[in-house]
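The values are calculated or read from the model by the stated rules, or taken from the named source; none is laboratory data. Bear in mind that the values here come from a model prediction, so they are computed numbers and not experimental data. Heads up, the Cβs are rebuilt from the backbone with ideal geometry, glycines too, and the neighbour counts pull from every protein chain shown. The accessibility values were calculated without ligands, DNA or RNA, using every heavy atom of the protein model including side chains. Shrake-Rupley method; radii C 1.70, N 1.55, O 1.52, S 1.80 Å.
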Amino acid sequence: MVSQLQKLPTDDSLGTLETVAHFDGAMLTGVTVSHQGRIFVNFPKWGDEVAFTVAEIREGRPVAYPDEAINRTDPNDLAGTLVSVQSVVVDPVDRLWILDTGSPMFQPTQYGGPKLVCVDLTSDRVIKTILFPQDVALPTTYLNDVRFDLRRGTEGIAFITDSSDQGANGIIVVDLASGESWRKLHDHPSTKAEALSSFCPIVEGRPLLERQPDGKTKPIKMGSDGIAISADGSRLYYCPLASRRLYSVAIDALVDRSIDDSAVAATVIDEGDKGGAADGLETDAAGYIYSTNYEHNAILRHRSGGEWETVVHDPRLLWPDTMSVAADGYLYVTANQLHRQAKYQKGKDLRQKPYTLFRVRIDAQPVLLR
């Protein structure tokens, strides 16, 4: 008989995670780090009690940002207040952009809710708000993540994924100068969730499905989610949440409003299997593409055409969600146990607080397209 005191082999960790902050309240999704080292996070309204949907981490604690007033949703002023934020991203010139889904509890959007809000980090004031028309942010749209190329147009271009699990998916392109926006790759197969017959995600050893208390199940259907721009600004990488594939598309095609979707689709490349399903993508100035891996509690990376390698694997990375490559040489990542929410666990919330913001040393710099 094996002694109860004998240590048995277990799954080994790889890489060194450092804890940045813990969160004992609502679950977070996004994180971004300014050039000066300020850290911002967000809390979407998915059922938790959310006191503020955007925060700055100060002395290890989240504080409403840019202030408490804008974080109080006003049904009579959706455009002027924050509704339910899914992503925060610092752009190449160190401004904070807030991506507001306008969709608490994944409800149908209303004009004024889905928007992109820019905050000047010097004054901590909103300096621009871009609203999306209802033929761009559809009633079913769920704005998920955003990236910026400030070299294009007069003030730059933003690219946003629509990850809706109830309607069309695609990429939304935004002219930051005019505020005009348009959809590309609208419901293209590369932006869609894979069917359960070809993709069955395994998280903590169990198939991940929506599981009702009565035993009924449904596959997860979130489409285009993670997004990142190549170091040279030529390709936009994206991935459906319910897939192990990575895709890219020519940015020249996305920004050219004169060509139709079939011409844009002709530039799409299936970049292959990325070793597991991902929520977030990121890139660095050295040309690496980073992918969270929620099936393996890991973050992987590779250069285009190269092999995937593991940056970090740790059992504490329970659903690595969003990443941010920071100027301090670290990759920041949120872990929020998304898969343990009640909708996936027969109505029982199995999440265990705290949620955590981690970082891992990568000695890389952000992509600065300016």
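Ratio of Rg to Rh for the stretch 141-192, alpha carbon only, Kirkwood?
Working: Rg = 11.5 Å, Rh = 11.3 Å.
Ratio of gyration radius to Kirkwood radius: 1.01.
Distance between the 7 Å Cα→Cβ label points at Leu209 and His35: 5.0 nm.
Phi angles across the stretch 200-206 convert, under the Karplus curve 6.51 cos²θ - 1.76 cosθ + 1.60 with θ = phi - 60°, into 3J(HN,Hα) values of 10, x, 10, 10, 6, x, 10 Hz, Gly and Pro given as x. Computed over protein heavy atoms with a 1.4 Å probe, the carbon and sulfur contribution to the accessible area of the stretch 200-251 reaches 50%.
Ordering Pro315, Ile251, Pro366 by Cα displacement along the dipole of the stretch 221-370 toward the positive end leaves Pro315 in first place; charges were set at the Cβ atoms of Lys, Arg (+1) and Asp, Glu (-1).
I need the calculated FRET efficiency for the pair Asp135 and Asp74, taking r as the beta carbon distance and R₀ as 25 Å, to the nearest 0.05. Each step should come with its number before you reach the end.
Working: r = 25 Å, r/R0 = 0.99.
That pair, Asp135 with Asp74, gives E of 0.50.
Coupling constants for the stretch 148-154 follow from the phi torsions by the Karplus curve (6.51 cos²θ - 1.76 cosθ + 1.60, θ = phi - 60°), and in residue order they are 10, 10, 8, 7, 9, x, 7 Hz; glycine and proline get x. Per residue, the stretch 294-370 exposes an accessible area of 41 Å² to a 1.4 Å probe, with every protein chain left in place.
Cα extents for the stretch 123-256 along the principal axes, largest to smallest and rounded to whole angstrom: 53, 30, 29.
Averaging over all projection directions, the Cα-based convex hull of the stretch 262-370 occupies 9.2 nm² in the image plane. In the full protein context, the stretch 93-169 carries 37 Å² of accessible surface per residue, based on a 1.4 Å probe and ignoring ligands, DNA and RNA.
Magnitude of the Cβ-charge dipole of the stretch 87-233, K/R +1 and D/E -1, about the Cα centre, nearest 20 debye? Walk me through the numbers on the way to the answer.
Numbers: 15 positive and 20 negative charges, 57 e Å.
So the dipole magnitude of the stretch 87-233 works out to roughly 280 debye.
For the chain, what does the helix formula give at 222 nm: sum of -39500 (n - 2.57) over DSSP H segments with n ≥ 4, over the residue count, nearest 500 deg cm²/dmol?
Working: 2 runs with 10 residues, N = 370.
Taken over the chain, the calculation gives -500 deg cm²/dmol.
In a GNM of the chain with a 10 Å cut-off on Cα contacts, which of Pro201, Pro240, Pro213 has the highest mean-square fluctuation? Largest GNM mean-square fluctuation: Pro213. Surface calculation, 1.4 Å probe, protein heavy atoms: Arg340 sits at approximately 40 Å² accessible. Building the convex hull from the alpha-carbon atoms of the chain and averaging its projection over directions returns 19.8 nm². When only alpha carbons are used to place a centre, the stretch 183-226 and the stretch 286-301 end up 19 Å from one another. Using the Cβ-Cβ distance between Glu309 and Cys200 with R0 set to 30 Å, the FRET efficiency works out to roughly 0.75.
Taken one residue at a time, the phi angles of the stretch 170-187 give Karplus couplings (6.51, -1.76, 1.60, θ = phi - 60°) of x, 10, 9, 10, 10, 7, 5, 6, 8, x, 6, 9, 8, 9, 10, 6, 4, 6 Hz. Gly and Pro are set to x. Between Arg361 and Ala177, the modelled labels are 4.3 nm apart [label points 7 Å from Cα along Cα→Cβ]. Against the empirical curve 2.2 N^0.38 Å, the C-alpha radius of gyration of the stretch 1-76 lands at a ratio of 1.69.
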